[in-house]
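K.L.:
Mind looking over this structure? Questions follow.
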């Protein structure tokens, strides 16, 4: 049966399963309060529980060595070892690293009875990620693969991803099902066991594809774009599939997504909406309780004309009124953040996340600003 069509379990089974998952640190539960808020069962904020161990996730975004080509045709071991050594030297413990990105190299597509469907992870992707995880083990650093990016609907002269097929993956159940069953589940079942794989991140800023500026971008492929509701469904079904695939082999998988903004898309109290609240994700997956994220990983840049209103560096994690750990998945660590009459120097941003109760942060990005990233991380590590 397709993973995104897993039938809704009976209430007793669902509750037993959820309690088991929460006790292992796999998810924050899906038992709803009387007000439809997030789960009552939760992992304490300030840590993400990785394979039974509470971890404050700190480090860098790689985010790529060769945009969209890091997996599928071998690993750039030299660059990877350099990044791992630098995150380790600065006191960090994890790297966020983009995988399919725009789909120009992986996954693999094939025409089946006249219909384009996903046939597999693509090339040597699974072996490449295993190699990378094995190398990361030498440095005791976690890797968080970020599977897709909003770039999946962009195109240019040197990169020709299957943009129309990518749109279909986001909007057609049959295509999404082919991706889940033929690429996503095999990746999880082959690699989730690895001690250096911290979590699976579904998307990098998926909401961008729905915003009015996106079709005006250079490289936009010129076709249709998905709705927020469609993106919510895709992510809910992918989340449920990852959790189910891990359970099928007696493992626990952690799942998150790199939303564009805490205030805009991960909270209901600051003028935005939490698209990823447990009850909303469960509903988007047709009632499947495995569709809940295990922690949030939103990004923050001083944009949207909010002048700091959505800044995690100026708001304690409790401000957002969410029940999951929050890792800030991207932020600039190369410039002072001067908002709300409280300027924070670049080198103090990593420390500010600790002070404000977050569960970690990955600064942007290794192949552009590594000295700033290391300085920020070093100051946080010596606290």
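K.L.:
Which shape class applies to the chain: rounded if a/c is under 1.5, otherwise prolate when a/b exceeds b/c and oblate if not, where a ≥ b ≥ c are the square roots of the Cα gyration tensor eigenvalues?
P.N.:
Here the chain falls in the rounded category.
K.L.:
Looking at the chain as a GNM with Cα springs under 10 Å, which of 169, 290, 237 has the largest mean-square fluctuation?
P.N.:
169
K.L.:
Just want to confirm a number: the relative contact order over the stretch 3-381, from Cα pairs under 8 angstrom separated by 6+ residues, in percent.
P.N.:
Dividing the mean separation by the residue count of the stretch 3-381 yields 20 percent.
K.L.:
I've got another one for you. Pick from 142, 358, 158: which is most flexible by mean-square fluctuation in a GNM of the chain where alpha carbon atoms under 10 Å apart are linked?
P.N.:
158
K.L.:
Under a plain spin-label model, where a point goes 7 Å from the Cα along Cα-to-Cβ, how far apart in nm are residue 108 and residue 124?
P.N.:
Roughly 1.4 nm, to one decimal.
K.L.:
Compute for the stretch 46-154: radius of gyration divided by Kirkwood radius, i.e. Rg/Rh, restricted to C-alpha atoms, rounded to two decimals.
P.N.:
Ratio of gyration radius to Kirkwood radius: 1.04.
K.L.:
Another question about this same structure. Take the Cα of residue 269, step 7 Å along the line toward its Cβ, and report every residue of the stretch 282-316 whose backbone nitrogen sits under 11 Å from that point.
P.N.:
Output list for this probe position: 316.
K.L.:
Continuing with the same structure: Sort 138, 207, 378 so that the residue with the fewest other Cβ atoms within 10 Å of its own Cβ comes first and the one with the most comes last.
P.N.:
138, 378, 207
K.L.:
Taking the beta-carbon count within 10 Å as an exposure proxy, list 100, 307, 299 from fewest neighbours to most.
P.N.:
307, 299, 100
K.L.:
Pop a pseudo-label 7 angstrom from the Cα along the beta-carbon direction at both residue 193 and residue 157 and give the gap in nm to one decimal.
P.N.:
4.8 nm
K.L.:
Here's a follow-up. List residues of the stretch 144-188, by number, whose backbone nitrogen lies under 15 Å from a label position 7 Å along Cα→C-beta of residue 53.
P.N.:
144
K.L.:
Of 365, 216, 251, which is the most mobile in a GNM of the chain whose springs link Cα atoms less than 10 angstrom apart?
P.N.:
Largest GNM mean-square fluctuation: 216.
K.L.:
Work out the FRET efficiency for residue 174 and residue 371 from their Cβ-Cβ distance, taking R0 = 45 Å, and round it to the nearest 0.05.
P.N.:
Efficiency at R0 = 45 Å is approximately 0.40.
K.L.:
Then there's this: Can you put 349, 184 in order, fewest other beta carbons within 10 Å first? Numbers along the way, then the final one.
P.N.:
Working: 349 27, 184 23.
Placing the least packed residue first, the sequence is 184, 349.
K.L.:
State the volume of the convex hull built on the alpha-carbon positions of the stretch 305-383, expressed per residue in Å³ and rounded to an integer.
P.N.:
Once divided by residue count, the hull of the stretch 305-383 is 91 Å³.
K.L.:
Students often check this: by mean Cβ neighbours within 10 Å, which of 77-83, 130-136 ranks highest, and how do the rest follow?
P.N.:
Ranking, from highest mean packing down: 130-136, 77-83.
No lab work stands behind these numbers, since they all come straight from the coordinates. Since this is a predicted model, take the numbers as computed values, not measurements. Glycine gets a Cβ as well: all are built from the backbone with ideal geometry, and neighbour counts include every protein chain shown.
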